[in-house]
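Let me begin by presenting the structure, written as structure tokens, before commenting on it.
The values are calculated or read from the model by the stated rules, or taken from the named source; none is laboratory data. Here the structure is a predicted model, which is why all the values come from computation and not from measurement. We place every Cβ from the backbone using ideal geometry, glycine too, and count neighbours over all the protein chains shown. Note: areas computed on protein heavy atoms with side chains; ligands, DNA, RNA excluded. Shrake-Rupley method; radii C 1.70, N 1.55, O 1.52, S 1.80 Å.
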Amino acid sequence: METRIFHIRKATVMDAEQLSQLRLIVDGETDNFDRERGEDFLSTVDFEEMIRSESVEKNSIFLVAEVKGHLVGFLRGKGGKLKRTSHRLEFGVAVKKQYWGQSIGKSLIQEMLQWADQKGIRKVTLQVLETNKKAIALYERLGFIVEGELKDDKKIGDIYYSTILMGRRNESNG
């Protein structure tokens, strides 16, 4: 059995400074996110407020992955506030590039899915860039299916790419 070098837990306001720095780093390491490095910057205070407000929402979750006390990844799942969308959770996940391939992203998602199932959340959704084949394959292994495609949704350089919409339903919830 392999030994995990990382630990997953719920984010706390004490993580805010590291999260701000980590988000800036991961945004610059890949084209898979909507943002380029430095765009839509979230400060320590922004993360503190986000963690505080979402910790009281019953259908939102913020997880972090840490290695030796340093944050290397995070997952944020946000539930709908309106009655008609409160059964649904949309999430995004990010892992520092040097830790890719170590099951950190997969473990963050599995932890979130287990939590969502326990909370009675019926549907979990995500958006992924069409070129991110490894992520799409992982999501499919975890029970997500392709539900749609937004053509020419992202522009990277001079090229337009589609965004794939994926979802996982737990019909035993609600």
Item to complete: Counting only heavy atoms of the protein chains, get the accessible area per residue of the range 1-65 (1.4 Å probe) and round it to a whole Å² value.
Response: 61
Discussion item. With the cut-off at 1.5 for a/c, could you classify the range 1-56 from its C-alpha gyration tensor as rounded, prolate or oblate?
Written reply: oblate
Worksheet item: What percent do you get for the relative contact order of the chain when only Cα pairs under 8 Å and 6+ apart count?
Response: 18
Fill in: Residue-normalised accessible area of the range 88-174, given per residue in Å² at a 1.4 Å probe
57
Worksheet item: Between ALA11 and residues 5 or more places away or on another chain, which pairs have amide H atoms under 5 Å apart, with H built 1.01 Å from N, and which residues are they?
Response: PHE62, LEU63, VAL64
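What is the magnitude of the charge dipole of the chain about its Cα centre, with +1 placed on the Cβ of each Lys and Arg, -1 on the Cβ of each Asp and Glu, and no other charges, expressed in debye to the nearest 20?
Using only the charged Cβ atoms, the result is roughly 700 debye.
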Discussion item. What is the percent carbon and sulfur in the accessible area of the range 57-174, measuring with a 1.4 Å probe over the protein chains and ignoring ligands?
Written reply: 46
Worksheet item: Among all the lysines, which ones have a C-alpha under 17 Å from LYS106's C-alpha, if same-chain residues fewer than 8 places away are not counted?
Response: LYS10, LYS96, LYS97, LYS133, LYS134
Worksheet item: Cα gyration tensor of the range 43-174, axes a ≥ b ≥ c as square roots of the eigenvalues: rounded (a/c below 1.5), prolate (a/b > b/c) or oblate?
Response: rounded
Discussion item. Given axes a ≥ b ≥ c from the Cα gyration tensor, I'd like to know whether the range 131-172 is rounded (a/c under 1.5), prolate (a/b larger than b/c) or oblate.
Written reply: oblate
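Restricting things to alpha carbons, find the Rg to Rh ratio for the range 27-71 using the Kirkwood radius for Rh.
Rg/Rh for the range 27-71 comes to 1.02.
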Discussion item. Let me check I've understood the local charge: for ASN170, count other residues with C-beta under 13 angstrom from its C-beta, Lys and Arg +1, Asp and Glu -1. What total comes out?
Written reply: +4
Practice prompt. Enumerate the calculated ³J(HN,Hα) couplings along the range 47-64 in order (Karplus 6.51 cos²θ - 1.76 cosθ + 1.60, θ = phi - 60°), each rounded to whole Hz, writing x wherever the residue is Gly or Pro.
Written response: 5, 4, 5, 4, 5, 4, 5, 6, 5, 9, 7, 6, 10, 9, 9, 9, 10, 10
Response to the item:
Output ordering of 91-98, 150-157 (per-residue mean of other Cβ within 10 Å, highest first) is 91-98, 150-157
